[in-house]
Amino acid sequence: MRNLVLGLQFGDEGKGKVTDFISQENSVLVRYNGGTNAGHTVVTKKGKFKFHLLPAGSLKASSIVLGNGMVIEPEALVNEISDVLAENPHLKIHISSAAHVVTRLHKYMDGAQEKMRGEMKIGTTSHGIGPTYEEKYSRNGIRIEDLGNRDTVLKKLSFIRELRSSELTESPFNNEELEKIADELHEKWQYFRSFVGRTEYFLFDAVSKNEHMVFEGGHGTMLDIDFGTYPYVTSSNTISGALHTGTGISLRKIDRIIGVVKAYTSRVGEGPFPTELHGKDADLLREAGGEYGTTTGRPRRVGWLDIPLVNYAAMLNDVDEIAITKLDVLGQFRNIRICTSYGKNVKEPVNALLGKEKAEPEYVEMDSWGKIGEGEIEQIVESGYDAVPEEMKNYISTVERLTGKPVKIVSIGQIRESTVVRK
Ligand code: IMP
């Protein structure tokens, strides 16, 4: 079975937990876009693991692949690889030689651009993602394979400095500093060079052998560079089609596309958010859901589940089914709401999401299932879907009715084991 797991909101839907949950010991896990701007937390009985580059199921899989569509920061890569190998020493790692490298110059430029934007700022993670993709598409980028040659790296860094001088004016990137960066990058290369290659061949082979595969999309659909809430988006495509360009594997080879939906909505950074909550309700939801960025620690903006948004994302990604996460969190509220429409004046929801038309969200009120204790979660997981509280079942069937998609995976707690599969 070849699965694709991706987020149907603004990121942070809990994709990591779903990837981890459906991964098996013999799985090949693949990431194909973005870089350390993504963040997944996996909570196991052994503790909390945070990943930014490696797919979330890396702790138990047999192979992982970082595809050519990614932008990789070598230092973060080395740290994550050494953490994961300590837990899963037999893991085989494959890194595309064609993926691009995020350097300190790019991180600096990310910050400089945000400063220059002033009130037009995007609220990026400042991990250098945008500038690295700019370099890629202007064909001046440093690819992973370049790291093997320190002089090539230095030449490219000097060229980038020259080209981007207006963004690097106050920067300390003199010749000596560039030499240092080239040395550091080349040194990191020594650590992971044996993992680097043309990953498309490994992937084609895995497909032809019918391996169990999980492709994990970074970020959410509404952060897609083309279909998201531009300019408040990330710099890569996040919809399902990005899997093909980011790995070489055609979407036709995917058996199941799982759209992950958090039971409410959150977003970090700027941009439209029709169902956003403010004040006490927002604080309650943020605290209950631990809605602080995995990557930046920033408090996330939070709001009710937004069906027009989810439906737009489900349409773009051609999802087969939905996995719903963090249902336990909503139990903190006495009354729970779901946005069903942006009002009769909005014909195409994307226009409201882009801030071009005014959304007047209409809601249905749902009964709460109340707080669920750990013991209760364990009991539900043990007994299966029938043991899910009636109010929660009602919420899930309302989501199914409003989206026209089956909800097959239901996540009701933080730890890996707190997930129920619906047959
Ligand atoms: P960038 O990807 O760092 O350029 O940031 C662009 C926007 O996307 C910002 O609002 C970020 O907060 C947001 N973003 C990027 N990746 C993620 C993610 O994985 N989860 C949530 N927000 C993200």
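The values are calculated or read from the model by the stated rules, or taken from the named source; none is laboratory data. Keep in mind the model is a prediction, meaning the values are calculated, not measured. Counting neighbours? That spans all protein chains shown, and the Cβs are built from the backbone with ideal geometry, glycine included. Note: areas computed on protein heavy atoms with side chains; ligands, DNA, RNA excluded. Shrake-Rupley method; radii C 1.70, N 1.55, O 1.52, S 1.80 Å.
Relative to the Cα centre, what is the charge dipole magnitude of the range 2-120, using +1 at the beta carbon of each Lys and Arg, -1 at the beta carbon of each Asp and Glu, and rounding to the nearest 20 debye?
Around 200 debye, computed over the range 2-120.
Placing unit charges on C-beta atoms (Lys and Arg positive, Asp and Glu negative, everything else neutral), compute the dipole magnitude of the range 100-192 about its Cα centre in debye, rounded to 20.
260 debye
What Kirkwood hydrodynamic radius do you get for the range 1-158 when you take the inverse of the mean 1/r over all pairs of distinct Cα atoms, in Å?
Computed over the range 1-158, the radius equals 16.6 Å.
My understanding is that a pair violates if its Cα-Cα distance is over 19 Å; which of K156/K180; K50/K405; K136/K156; K262/K347; K15/K50 do that in this structure?
Over 19 Å apart, Cα to Cα: K50/K405; K262/K347.
Mind putting together the pair-distance distribution for the chain? All Cα pairs, 10 Å bins, whole percent per bin, short to long.
Pairs per bin, as whole percents: 5, 22, 31, 25, 13, 4, 0.
Charges at C-beta only: +1 for Lys and Arg, -1 for Asp and Glu. How large is the resulting dipole of the range 237-389 about its Cα centre, in Debye rounded to 20?
680 debye
Quick check: at a probe of 1.4 Å, how many percent of the accessible area of the chain sits on carbon and sulfur atoms?
For the chain, the apolar C and S fraction of the accessible surface comes to 48 percent.
Sorted by accessible area (1.4 Å probe), largest first, how do K180, K408 line up?
Per-residue accessible area, sorted high to low, gives K180, K408.
For every helix of n ≥ 4 consecutive DSSP H residues, a contribution of -39,500 (n - 2.57) applies; sum these over the chain, divide by its total residues, and give [θ] at 222 nm rounded to the nearest 500 deg cm²/dmol.
-10500 deg cm²/dmol
Taking Cα centroids, how far is the range 275-347 from the range 46-79 in Å?
26 Å
Taking 0.36 nm per intervening residue step and subtracting the Cα-Cα distance, what contour gain separates E390 from K344 on full extension?
Answer, rounded to one decimal: 13.4 nm.
Taking Cα pairs under 8 Å and at least six residues apart, what relative contact order does the chain come out at, in percent?
Reported relative contact order: 20 percent.
Round to the nearest 10 and report in Å² the accessible area of F333, as given by a 1.4 Å probe over the protein chains' heavy atoms.
Looks like 10 Å² after rounding.
Under 13 Å from the Cα of K408, which aspartates and glutamates turn up, not counting those fewer than eight places away in the same chain?
Partners found: D320, E321, E400.
Mind checking the range 121-178 for GluC sites (Glu not before Pro) that DSSP puts in a loop (not H, G, I, E or B) and that have at most 16 other Cβ atoms within 10 Å?
E170
Sorted by average packing, counted as other Cβ atoms within 10 angstrom per residue and highest first, what order do 299-308, 47-56 take?
Going by the mean number of other Cβ atoms within 10 Å, highest first, we get 299-308, 47-56.
Give the relative contact order (percent, whole number) for the range 260-421; include only Cα pairs under 8 Å separated by 6+ residues.
Relative CO of the range 260-421 lands at 24 percent.
Considering only DSSP beta bridges with both partners in the chain, what is the antiparallel share in %, to the nearest 5?
Counting only bridges with both partners in the chain, antiparallel ones make up about 35 percent.
What FRET efficiency, computed as 1/(1 + (r/R0)^6) with R0 = 30 Å and r the Cβ-Cβ distance, is obtained for E211 and E75, rounded to the nearest 0.05?
The formula returns an efficiency of 0.45 here.
Hey, what's the Kirkwood Rh for the range 100-192 if you take every pair of different alpha carbons, in angstrom?
About 13.5 Å, per the Kirkwood formula over Cα pairs.
Just reorder Y108, Y342 by solvent-accessible area, largest first, 1.4 Å probe, all chains present.
From most accessible down to least: Y108, Y342.
State the answer as a single residue: which of F273, T403, M366 lies farthest towards the positive end of the charge dipole of the chain, with beta carbon charges of +1 for Lys and Arg and -1 for Asp and Glu, about the Cα centre.
T403
Just tell me which aspartates and glutamates come within less than 20 Å, Cα to Cα, of K209; anything on the same chain fewer than 8 places away is out.
E25, E200, D255
With unit charges on the beta carbons (Lys and Arg positive, Asp and Glu negative) and the dipole taken about the Cα centre of the range 150-309, which residue among F204, P299, F173 sits farthest to the positive side?
My answer, from the dipole projection, is F204.
Taking a 1.4 Å probe, which of L85, L8, L163 shows the most accessible area, and what order do the others take after it?
Accessible-area ranking of L85, L8, L163, largest first: L163, L85, L8.
What accessible area per residue, rounded to a whole number of Å², is obtained for the chain using a probe radius of 1.4 Å?
43 Å²
At 0.36 nm per residue, and after removing the present C-alpha to C-alpha distance, how many nm does the segment from L251 to E177 gain when stretched out fully?
22.4 nm
Farthest toward the dipole's positive end in the chain, which of V42, C339, P55, given Cβ charges of +1 (Lys, Arg) and -1 (Asp, Glu) about the Cα centre?
P55
Quick check: pseudo-label points 7 Å beyond the Cα along Cα→Cβ at M315 and N26, how many nm apart are they?
Result for the modelled spin labels: 4.1 nm.
Restricted to Cα positions, what overall size does the range 260-421 have along the principal axes? Three whole-Å values, descending.
47, 34, 29
Considering Cα pairs under 8 angstrom that are at least six residues apart, work out the relative contact order of the range 1-84 and quote it in whole percent.
It rounds to 31 percent for the range 1-84.
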